[in-house]
1. Residues in the range 16-29: is at least one assigned to a helix (DSSP H, G or I), without any contact (Cβ under 8 Å) to a residue 40 or more places away in the chain and touching a Lys or Arg at 6+ places or on another chain (Cβ under 9 Å)?
2. What strands (runs of 3 or more DSSP E), lying completely within the range 32-127, carry at least 1 residues that are hydroxyl-bearing (Ser, Thr, Tyr)?
3. Can you pull out the residues in the range 43-89 that are exposed (fewer than 14 other Cβ atoms within 10 Å of the Cβ), touching a Lys or Arg at 6+ places or on another chain (Cβ under 7 Å) and within 14 Å of Leu6 (Cα to Cα)?
4. Which residues, taken from the range 90-108, are surrounded by 11 or more Cβ atoms within 10 Å (Cβ to Cβ) and among the aliphatic types (A, V, I, L, M)?
5. Please state which of the following conditions Glu14 fails to meet, knowing it meets all the rest: (1) surrounded by fewer than 13 Cβ atoms within 10 Å (Cβ to Cβ); (2) under 17 Å from Leu57 (Cβ atoms); (3) charged (D, E, K, R).
6. Return the total of residues in the range 16-42 being among the acidic types (Asp, Glu) and modelled with pLDDT under 95.
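The values are calculated or read from the model by the stated rules, or taken from the named source; none is laboratory data. Everything quoted here is computed from the prediction, not taken from an experiment. No Cβ is skipped: glycine too gets one built from the backbone with ideal geometry, and neighbour counts run over all protein chains shown.
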Amino acid sequence: MEIHQLRYFVAVAEEGNFSRAAEKVRVAQPSLSQQIQKLEAELGQPLFDRLPRTVLLTDAGKRFQEFAQRILAGVADAQRCVDECKGEAVGRLVLGAIPTIAPYLLPRLLQQFQHKHPKVSIEVIEDVTENL
């Protein structure tokens, strides 16, 4: 079992379609299908019910999806941990701002921040002070 197979599997599970999943993970659809077939062969059972325009997870696929997502999250965490040794900021920043300043102050500041820290994803929550 290989990490790219897990990525492909999760993409197909999320998209419900091999072609869209292939686009999402930027790989040719026949290659993605072949890797999913190899994964199913290794596991000894199908992970998807293949229908004319969509695919659905089998019971085994539903169980496997949980583990695949956890494994991929662990791999991403490991990559972030190693990236921290480079001295680069990585991860996720959630920022709360009130509507009276958010549209005026944040665009310029966030653009500067993103330029300096490209590996940080930013989520802005705009709400009133008491909710923030």
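1. yes
2. The qualifying strands (runs of 3 or more DSSP E) are 120-126.
3. None - no residue of the range 43-89 is exposed (fewer than 14 other Cβ atoms within 10 Å of the Cβ), touching a Lys or Arg at 6+ places or on another chain (Cβ under 7 Å) and within 14 Å of Leu6 (Cα to Cα), so the list stays empty.
4. Listed by number, the residues that qualify are Val90, Leu93, Leu95, Ala97, Ile98, Ala102, Leu105, Leu106.
5. Every listed condition holds for Glu14 apart from (1).
6. Taking the range 16-42 and keeping what is among the acidic types (Asp, Glu), we get 23, 40, 42.
Keeping just the survivors that are modelled with pLDDT under 95 gives 23.
Qualifying residue count for the region: 1.
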